[in-house]
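Asks: For reference, the structure I am asking about is given below.
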Amino acid sequence: MDEHKPTGQLLQISREVLDGLILSAMDAIIAVDEHQQILLFNPAAEKMFGYHAAEIMGQPLNLLLPERYRASHPEQVRSFGQNGVTTRKMGALGNVSGRRKNSEEFPLEVSISHLMANGKSIYTAILRDVTERKQDELKIRRFNRVYAVLSQIDSLIVRAHSRQELFAEATRIATEAGHFIRAWIVLVNGGGTRLELSSVSGTDASYFEKIKLSIDTLPDDIRTRLMEPMLAKQPLIINDLQNESWLPLKDEALACGSRSMVWLPLVAGDRITSVLVLHADMPDFFNAEEMKLLLELAGDIGFAINHIEKSDRLNYLAHYDALTGLANSTLFRERVAQYLKINPSKQHVALTLLDVERFKAINDALGRQIGDALLKQVAERLIECAGSSDYVARLSADHFALIIPAVTDEREVAHILEERSHKCFGQAFMTNGIELQVGVKVGVALYPEDGTYTDVLFSNAEAALKKAKAGGEPYLFYSAAMNNRVTGQLDLENKLRKALQQEEFVLYYQPKIACQTRHIVGVEALIRWNAPGIGLVSPTEFIPLLEETGLIVEVGAWALRQAVRDYSRWLDKGLVPPRIAVNVSAIQLHQNDFVEIVKQATADGASPPGIDIEITESLIMEDTEGNIRKLNAIRDMGLSIAIDDFGTGYSSLAYLAQLPVQTLKIDRSFIITMLDDPNTMTLVSTIITLAHSLGMKVVAEGVDKEEQAKILQLIRCDEIQGYLFSKPVPFEEICTLLQLDAKTRPH
């Protein structure tokens, strides 16, 4: 019996198992001798390198390496195994490459073992093709870059206050967080015929200087080729700069490391305003997946541009007259206060208020277009006469103001007024081929004789203007004697006091209609005076005097009490009462006990009382912190609060978000012009969007046409109010309207 036979059989079995493992291994296995001749080349290696084992056996290992590694590789192999190191793993960092039979290079992960057989070195390598892994890693890195940019751009949108700040930060984020080698933004005019380099980030300042110069001198065909996809709101992708001979400064871009680029249109609203250009340091960078993220990025920046432009528009309208570009009342009063502050004590300052004569008649007879054109020309001439637009303002439709600083006395002012009146209004105005001869009435108040505070000067200049208009004088100065009430005003004041005592005031109601359903959802209470022997007196004749005398506090409290009583009367009649909006004047809100007055006025009514308080926009902003406290207290009573005439005053968006306000009312001046003026339409739409973003409802006043109502419904206005549905009516008539409305509601 051969005692060694079992051992021989085991060895044979081990060789067969080993051969089977080598042949079936999914990884390539290659063995070489000490001369680096290939001894073993398994099927996985054949598949990986493209060689059959028969043609590669006995060939040098260098055949499987890129040429740049062949010179140094033999020495590296010979040194392996020294110092007791028998295994090594390489390629985890992607620094090992193989070469297929078709000369294609690919990344490898390699594990090498060294052993001695019959005194000779044998080197065995197990190899894995990591091409897909490297591609996945690269893709993840690239996506992470763009996601980082998206994240930071989203944060930027919240804090950027200007377009230039947005662009500068966006390009910086693209290079620093996105690792694009350079980024720049070009401003575009409406037709794409004018381009302007706005913001850049990245290395090679000389390249950007060349770009700036190149943009100014682009041939028409090249500009068209660049801008055609942009104007169609599509990106221009250039994934191989080397082959784009038509591209301006292609060679300069290649010299700076660029291999591909993309032009991304930045669309604000529905128009392209600018283009973001990104450079990558490898060809074919901007694939479909990359572009999906970058288009999202461009959309975010476009949204930010649109938001900034709308915000700028609102801020502009808060300080300037949209028609003439002159300062409005708010800004002009600030300027007057500044002139008074810096004016030397020995010099005078003249405040002049001007009314354009016959403007209403011209506007009514010839149309608003002619009227607007006339006002623009008046503004232009006033600026020319004053020497700067800083000295001129438009306060209302035909009401202008000028400040004349640093005058010695009223004689100098009179001389200046006569000279400017002749220069501005001596020649006829031409509007659309129509010649119009107009003049002005002027009221003048002098600092410091007629007042040392802005409000006092304005009040006195207004008094002088009224007297000039009444007496037919071209201009009049204010005098101390005008502080005494004229007999007619004193008589009217006494009658108003008597009217309050004898309950001659009544409330009329104008419905507020839901845009979507056209049902009544609220009413506005409007004060009327039913004077004995006269009948109803227009509010414009007595409301200003109520405010001047302070009677508005008592009359306002009465209006609140009456609205609460009428609300209860509707309940008693079995009606579903709408909420009643009651206007509050500046004098009422400024009272220290205003909150207590409201509390007492609503104490005996329903709970909650069903009352809305309407306060004008400019009034809220006069003492924002104090008004917020008062309005919060009123809100806690169950009353709702609306901002009336929104858009005509100045609101800080930061404070607007803090106000306990549920409703914004858009002033009727915007509603009646929005169908004819795209800028006004944009403003109305912006106010609605802003209000909804702050969780507020929107009411549009002055809706007199069905076309206005339909447009407001389309842009998601909540409620509308105007003569299209009903004029203000007395209590009995509003009851009838509520009953009819109830019958038509779905049950």
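The values are calculated or read from the model by the stated rules, or taken from the named source; none is laboratory data. Just so it is clear, the structure is predicted and the values come from calculations on it, not from any experiment. With ideal geometry, Cβ positions are generated from the backbone for all residues, glycine too; neighbour counts draw on all protein chains shown.
Asks: Just to be sure, is E75 part of a helix (DSSP H, G or I) and at pLDDT 90 or above?
Replies: No.
Asks: Mind listing whichever residues of segment 367-390 are under 21 Å from L402 (Cβ atoms), outside any helix (DSSP H, G or I) and not polar (S, T, N, Q)?
Replies: Once the filter is applied, which keeps residues that are under 21 Å from L402 (Cβ atoms), outside any helix (DSSP H, G or I) and not polar (S, T, N, Q), segment 367-390 yields only G387.
Asks: Also, I was wondering about something else. Please find, within segment 590-603, the residue that is modelled with the highest pLDDT out of those that are exposed (fewer than 14 other Cβ atoms within 10 Å of the Cβ) and outside any helix (DSSP H, G or I).
Replies: D593
Asks: Only one of L354, L382 is buried (at least 17 other Cβ atoms within 10 Å of the Cβ) and in contact with a His (Cβ under 9 Å, 6 or more places away or on another chain); which?
Replies: Being buried (at least 17 other Cβ atoms within 10 Å of the Cβ) and in contact with a His (Cβ under 9 Å, 6 or more places away or on another chain) holds for just one of L354, L382, which is L354.
Asks: Any idea which of (1) under 39 Å from the mean Cα position of the chain (by Cα); (2) over 30 Å from E548 (Cα atoms); (3) not hydroxyl-bearing (S, T, Y) is the one Q588 doesn't satisfy?
Replies: Going through the list (1) under 39 Å from the mean Cα position of the chain (by Cα); (2) over 30 Å from E548 (Cα atoms); (3) not hydroxyl-bearing (S, T, Y), Q588 breaks only (2).
Asks: Is it the case that some residue within segment 725-738 is among the small types (G, A, S), under 20 Å from I513 (Cβ atoms) and not assigned by TED's automatic domain parsing to the domain that holds N363?
Replies: yes
Asks: Please identify the pairs in which a residue from segment 352-376 that is assigned by TED's automatic domain parsing to the domain that holds D455 and touching a residue at least 40 places away in the same chain (Cβ under 8 Å) has its Cβ atom under 8 Å from the Cβ atom of a residue that is crowded, with 19+ Cβ neighbours inside 10 Å and of a type in the set (K, R), counting only partners at least 6 apart or on another chain.
Replies: L354/K441; D355/K441; E357/K441; L375/R394
Asks: I'd like the full set of residues that are among the polar types (S, T, N, Q) and surrounded by fewer than 17 Cβ atoms within 10 Å (Cβ to Cβ), limited to segment 199-222.
Replies: T203, S206, S214, T217
Asks: Please go through segment 260-281 and pick out each residue that is in contact (Cβ under 8 Å) with a residue 12 or more places away in the chain, of a type outside the set (S, T, Y) and either farther than 18 Å from Y207 by Cα or not assigned by TED's automatic domain parsing to the domain that holds A232 (or both). Show your work before the answer.
Replies: Restricting attention to segment 260-281, the residues satisfying the condition of being in contact (Cβ under 8 Å) with a residue 12 or more places away in the chain are 260-269, 271-281.
From what's left, of a type outside the set (S, T, Y): 261-269, 271-272, 275-281.
Within segment 260-281, L264, P265, L266, V267, A268, G269, R271, I272 qualify.
Asks: How many of the residues in segment 697-747 are assigned to a loop (DSSP other than H, G, I, E, B) and not aromatic (F, W, Y)?
Replies: Qualifying residue count, segment 697-747: 17.
Asks: Identify all residues within segment 648-689 that are modelled with pLDDT of 85 or more, surrounded by fewer than 21 Cβ atoms within 10 Å (Cβ to Cβ) and either hydroxyl-bearing (S, T, Y) or over 22 Å from E707 (Cβ atoms) (or both); write none if there are none.
Replies: Within segment 648-689, P660, Q662, S669, T673, T680, T682, S685, T686, T689 qualify.
Asks: Separate question: Look through segment 539-556, keep the residues that are farther than 13 Å from A586 by Cα and within 41 Å of the chain's Cα centre (by Cα), and return whichever of them is surrounded by the fewest Cβ atoms within 10 Å (Cβ to Cβ).
Replies: Checked segment 539-556; the qualifying residue surrounded by the fewest Cβ atoms within 10 Å (Cβ to Cβ) is T540.
Asks: Quick one: how many residues across segment 41-79 are of a type in the set (A, V, I, L, M) and either surrounded by 16 or more Cβ atoms within 10 Å (Cβ to Cβ) or in contact with a Pro (Cβ under 6 Å, 6 or more places away or on another chain) (or both)?
Replies: Going through segment 41-79 one residue at a time, the tally reaches 8.
Asks: Looking only at segment 672-689, decide whether some residue is part of a helix (DSSP H, G or I) and farther than 30 Å from F303 by Cα. Full working, then the answer.
Replies: Step one: list which residues in segment 672-689 are part of a helix (DSSP H, G or I), which gives 678-689.
Remaining after also requiring farther than 30 Å from F303 by Cα: none.
No, there is no match, as no residue in segment 672-689 is part of a helix (DSSP H, G or I) and farther than 30 Å from F303 by Cα.
Asks: Could we say that Y447 is more than 22 Å from H319 (Cα to Cα) and of a type in the set (S, T, Y) here?
Replies: yes
Asks: Under 8 Å between Cβ atoms, at least 6 apart or on separate chains: pull out the pairs that start in segment 423-444 with a residue that is assigned by TED's automatic domain parsing to the domain that holds K467 and under 17 Å from I403 (Cβ atoms) and end on any residue that is charged (D, E, K, R) and in a helix (DSSP H, G or I).
Replies: Every condition considered, the pairs that remain are C424/R381; C424/E384; G443/E462; G443/K466; G443/K467; V444/E410.
Asks: Go through (1) at pLDDT 85 or above; (2) part of a helix (DSSP H, G or I); (3) more than 30 Å from R313 (Cβ to Cβ) for Y123 and report which single condition fails.
Replies: (2)
Asks: Could you check segment 282-296 and list, in sequence order, the residues that are in contact with a Pro (Cβ under 9 Å, 6 or more places away or on another chain) and either crowded, with 24+ Cβ neighbours inside 10 Å or part of a helix (DSSP H, G or I) (or both)? Walk me through how you get there before you give the answer.
Replies: Just the residues of segment 282-296 that are in contact with a Pro (Cβ under 9 Å, 6 or more places away or on another chain), to begin with: 286, 291, 294-295.
Correct list: M291, L294, L295.
Asks: Follow-up question, since we're still on this one. Scan E719, E732, E701 and give me the residue that is without any contact (Cβ under 8 Å) to a residue 24 or more places away in the chain and either touching a His at 6+ places or on another chain (Cβ under 6 Å) or not basic (K, R) (or both).
Replies: E732
Asks: Any chance you could count how many residues in segment 411-462 are outside any helix (DSSP H, G or I) and among the small types (G, A, S)?
Replies: Final tally of qualifying residues: 7.
Asks: Let me ask you something else. I need the full set of residues from segment 192-205 which are farther than 17 Å from F167 by Cα and either assigned to a strand (DSSP E or B) or without any contact (Cβ under 8 Å) to a residue 12 or more places away in the chain (or both), in order please.
Replies: R194, A205
Asks: Which number in (1) in a helix (DSSP H, G or I); (2) modelled with pLDDT of 90 or more marks the one condition that H279 misses?
Replies: (1)
Asks: Now a separate question. Condition first: surrounded by 18 or more Cβ atoms within 10 Å (Cβ to Cβ) and part of a helix (DSSP H, G or I). Now tell me which residues in segment 619-647 satisfy that.
Replies: L619, I620, M621, N627, K630, L631, I634
Asks: Could you tell me how many of the residues in segment 126-141 are hydrophobic (A, V, I, L, M, F, W, C) and modelled with pLDDT of 75 or more?
Replies: Residues flagged as hydrophobic (A, V, I, L, M, F, W, C) and modelled with pLDDT of 75 or more within segment 126-141 amount to 3.
Asks: Looking for something touching a Gly at 6+ places or on another chain (Cβ under 8 Å) and either touching a residue at least 12 places away in the same chain (Cβ under 8 Å) or not assigned by TED's automatic domain parsing to the domain that holds L218 (or both) - is there at least one such residue anywhere in segment 240-259?
Replies: Just the residues of segment 240-259 that are touching a Gly at 6+ places or on another chain (Cβ under 8 Å), to begin with: none.
Looking for residues that are touching a Gly at 6+ places or on another chain (Cβ under 8 Å) and either touching a residue at least 12 places away in the same chain (Cβ under 8 Å) or not assigned by TED's automatic domain parsing to the domain that holds L218 (or both), one finds none in segment 240-259, hence no.
Asks: How many of the residues making up segment 223-240 are in a helix (DSSP H, G or I) and exposed (fewer than 14 other Cβ atoms within 10 Å of the Cβ)?
Replies: The total comes to 2.
Asks: Among the residues of segment 569-576, is any more than 23 Å from L737 (Cα to Cα), surrounded by 18 or more Cβ atoms within 10 Å (Cβ to Cβ) and at pLDDT 85 or above?
Replies: Restricting attention to segment 569-576, the residues satisfying the condition of being more than 23 Å from L737 (Cα to Cα) are none.
Checking segment 569-576: not a single residue is more than 23 Å from L737 (Cα to Cα), surrounded by 18 or more Cβ atoms within 10 Å (Cβ to Cβ) and at pLDDT 85 or above.
Asks: Being farther than 15 Å from Q164 by Cβ and hydrophobic (A, V, I, L, M, F, W, C) is the filter; apply it to segment 298-318 and report the residue that is surrounded by the most Cβ atoms within 10 Å (Cβ to Cβ).
Replies: That would be A298.
Asks: Let me ask something additional. Need pairs with beta-carbon distance below 7 Å; first residue farther than 16 Å from V442 by Cβ and within segment 453-464, second part of a helix (DSSP H, G or I); sequence gap 6+ or separate chains.
Replies: If the second residue must be part of a helix (DSSP H, G or I), the pairs left are T454/R333; T454/V336; T454/A337; T454/L340.
Asks: In segment 719-747, which residue that is surrounded by fewer than 17 Cβ atoms within 10 Å (Cβ to Cβ) and under 40 Å from the mean Cα position of the chain (by Cα) is nearest to A709 (Cα to Cα)?
Replies: L724
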